[in-house]
Amino acid sequence: MNITEWVRCPVCGNKTRLQIRADTELKNFPLYCPKCRQESLIDAKDLQVTVIKENAVKTQS
């Protein structure tokens, strides 16, 4: 059975619209949060999400 987990926004902590599995690997993925309308670059491996250059990413308007 594959384990899935919701990706949470690194800014506000709410769930995003993205789920990842235990075998998912992401590099330089632009994660958008519909609640706080912030975009962050993330890496994900083994259900561990790491934020990259959080201050350098611009928001969508």
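Since every read-out is calculated from the coordinates, none of them should be taken as a lab result. Since this is a predicted model, take the numbers as computed values, not measurements. Because the Cβ atoms are built from the backbone with ideal geometry, glycine has one as well, and the counts that use them run over all protein chains shown.
Okay, here's what the table says:
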| quantity | calculated |
| --- | --- |
| Residue-by-residue Karplus 3J(HN,Hα) for segment 28-42, coefficients 6.51, -1.76, 1.60, Hz, glycine and proline x | 6, 8, x, 8, 10, 9, x, 7, 9, 6, 10, 10, 9, 8, 10 |
| Relative contact order (%) - segment 4-56, alpha-carbon pairs under 8 angstrom, separation at least six | 29 percent |
| Cα-derived Rg to Rh of the chain, Kirkwood definition | 0.97 |
| Gln48-Tyr32 pseudo-label distance in nm [points 7 Å out on the Cα-to-Cβ vector] | 2.9 nm |
